[in-house]
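The values are calculated or read from the model by the stated rules, or taken from the named source; none is laboratory data. Everything numeric in this text was worked out from a predicted model, so none of it was measured. Ideal geometry is used to build each Cβ from the backbone, glycine not excepted, and the neighbour counts take in all protein chains shown. Just so you know, the surface numbers come from the protein's heavy atoms only, side chains and all, with ligands and any DNA or RNA stripped out. Shrake-Rupley method; radii C 1.70, N 1.55, O 1.52, S 1.80 Å.
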Amino acid sequence: MKTKFARSIAVALLALFFIQTSWATCGGGGGGGGGGMSNSGGGGGTPPPTYHVPWKVFKATDTTAAGLVLYWFPASQNEINNSSLKESRTLSGAAKQCVAMAVANPTIPNADKLLGDSKLPVAVLATPDGTPVQKVENTNGKLKVADVEKLVDNEMKQRETALTEQINEAGRKVTAGDKDGAIKLYKAVVDQKCMFPKKAKDAAKELKKLGVEVAAIPAALNLDPRVSARIQRTMSLGLIAENSGRYIAADKLYTRAHLMDPADPTPLRYMGENYRHNIGDWKKARIAFETILNMPADSLSRAVAFHGLGKMTIHDGEFKKGLALMEQAIAEYPLALAYRNLAVYWNSEGDPVKGNAYTQQALALDPKDPYNLVFAAVFMAANGKKDEALKIARDNVNLMPASYNLAAIYAQNGQRDKALSLLRRHFFQYERYGAVREKEMMEARVDAVFDSIRADHAFIALTSGADGKLPIPMKGMPASQASPNR
């Protein structure tokens with residue numbers, strides 16, 4: 001019975017990672033924006049979520065060098081869909097500071113020790129070796145994010161207090177003339193720089209006085225509740241502006257949030273995706289993504305940064321380098337955006353089997369979502385299921401953000417005029433900036449889904465603003481092997 005129950009939970013957990021964005025199917029097929037995650041709004045008047053907690057499904061083979069592991073044992077799919085644990089700046093910040101976020105089921109190794117007599121759902125904070133530290137029980141069958149945040153915060157404060165005492169003890173050793181003993185204690189505090197950067201900086205300052213140099217330690221997050229509230233409010237306003245197509249206003253709001261706490265990677269993630277996908281300022285996008293990768297950041301932010309750099313690198317003609325970056329993205333975090341664009345990549349490389357495999361990973365357990373369906377239907381058409389794909393396209397033809405992929409379906413079904421009409425809608429009604437339009441026209445010119453109209457004079461004229469940075473493939477030849485476009 002336990003095994004059957006655990007299996008159902010394990011299947012349900014997969015849905016946590018494939019929340020799709022209502023703007024995800026535009027632009028080169030794979031989409032983007034919204035910080036790389038779902039940006040369809042909060043619904044019911046609630047602010048849209050911005051601080052997604054980077055939960056990962058725990059696997060028996062997982063190993064972690066994190067300072068702590070927060071295990072979430074959910075009780076049902078309904079809980080996963082509606083839990084407040086999915087959004088929290090406090091938990092997202094803890095993930096940046098070496099607290100791994102693991103969604104688990106009762107069959108994982110050491111589960112009995114972690115759970116004890118607790119009834120699901122339950123949250124357990126543990127050491128990397130699986131030793132329970134603290135636990136939050138459910139109230140009337142629900143876990144409250146505030147209780148879980150308090151659990152993590154209390155443990156972090158206790159550990160920080162212990163480090164303060166360690167620093168004080170080192171100071172006493174200095175006074176007593178025990179320089180070596182003091183250095184040893186200070187170094188032990190510096191070793192905790194991932195979880196406690198402020199204390200590590202204090203210890204590094206004292207080590208410098210003793211003639212010991214320590215590498216620069218990154219700034220700590222500002223988790224003051226008032227500051228967090230202002231940042232989250234500003235980020236939500238930014239996402240509302242982005243979802244409304246007011247990309248410059250969104251940039252200003254994301255930038256304001258970033259300046260409130262430069263150590264926070266989340267505003268940078270939204271800034272980078274807005275620059276890359278919506279505004280087309282790839283210079284600024286690269287700066288944002290590279291900044292994330294050069295600072296302590298949670299796995300979700302790193303995944304979005306790797307994906308964004310990979311997408312831009314591929315467009316600049318460095319196919320293998322860009323592919324490697326996108327593969328790094330999914331190694332960091334199971335990002336649906338990266339799966340979709342890996343599908344686009346392999347389909348354009350003439351490998352529909354890999355393209356379909358990545359499509360299925362992105363589609364996962366949300367097959368009824370219309371945007372997911374349209375994206376998947378592109379590959380259905382490529383794999384010979386043209387009638388099924390066409391039905392999906394007809395059912396969803398009014399979805400403006402899906403115009404590119406809808407055009408791809410009609411093109412693969414030999415409906416030239418409809419494909420061109422939808423591409424025109426995508427380029428000149430949906431997209432707002434020429435810097436984005438010229439890149440996506442170029443992607444359309446090399447995209448395998450438009451093989452049937454690639455040489456069509458109307459298609460060439462429609463995409464005449466293409467930036468010319470990708471090689472035009474010959475018939476049947478992968479884009480990465482084609483001659484450069486002159």
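Within the stretch 52-195, what whole-number % of the accessible surface is contributed by carbon and sulfur, with the 1.4 Å probe and all protein chains included in the calculation? Heavy-atom surface of the stretch 52-195 belonging to carbon and sulfur, 1.4 Å probe: 49 percent.
Taking every protein chain into account, the accessible area of the stretch 414-476 amounts to 47 square angstrom per residue (probe 1.4 Å). From the square roots a ≥ b ≥ c of the eigenvalues of the alpha-carbon gyration tensor of the stretch 68-172, which class results: rounded (a/c under 1.5), prolate (a/b over b/c), or oblate? Taking the square roots of the gyration eigenvalues as a ≥ b ≥ c, the stretch 68-172 is prolate. Plainly put, the stretch 343-444 has a radius of gyration that is 0.96 times its Kirkwood radius, both from alpha-carbon atoms, as the Rg/Rh ratio. Taking only the Cα atoms of the stretch 185-340, the radius of gyration and Dmax are 17.8, 56 Å. Plainly put, the stretch 306-399 has a radius of gyration that is 1.00 times its Kirkwood radius, both from alpha-carbon atoms, as the Rg/Rh ratio.
In percent, rounded to a whole number, the relative contact order of the chain is 15, using alpha-carbon pairs under 8 Å and six or more apart. Considering only 125, 244, 413, the residue lying farthest towards the positive end of the dipole of the chain is 244, judged by Cα position with unit charges set on Cβ. Which of the residue pairs 179/201; 96/173; 284/321; 284/469; 96/179; 119/193 have a Cα-Cα distance greater than 24 Å in the structure shown? Violating the 24 Å limit, Cα to Cα: 96/173; 96/179; 119/193. Here the sum of -39500 (n - 2.57) over DSSP H runs of 4 or more residues, divided by the residues of the chain, equals -16500 deg cm²/dmol at 222 nm, to the nearest 500.
Per the Cα gyration tensor, the stretch 361-419 maps to an equivalent ellipsoid with semi-axes of 17, 13, 9 Å, ordered largest to smallest.
Roll a 1.4 angstrom probe over the protein heavy atoms and tell me the percent of accessible area of the stretch 358-438 that is carbon or sulfur.
47 percent
Computed over the stretch 238-323, the P(r) curve from all C-alpha pair distances, binned at 5 Å from the origin, holds 3, 17, 26, 24, 19, 8, 4, 0 percent per bin.
Cross-link partners of residue 199 among aspartates and glutamates, defined as those whose alpha carbon lies under 12 angstrom from its own and excluding same-chain residues fewer than eight positions apart: 160, 165, 191.
Quarter the surface of the alpha carbon convex hull of the stretch 216-284 and you get the mean projected area, 4.8 square nanometres.
Only beta bridges with both residues in the chain are counted; by DSSP, about 65 percent of them are antiparallel. In whole percents, the pair-distance distribution calculated for the chain from its alpha-carbon pairs, binned every 10 Å from zero, is 4, 19, 27, 23, 16, 8, 3, 1, 0.
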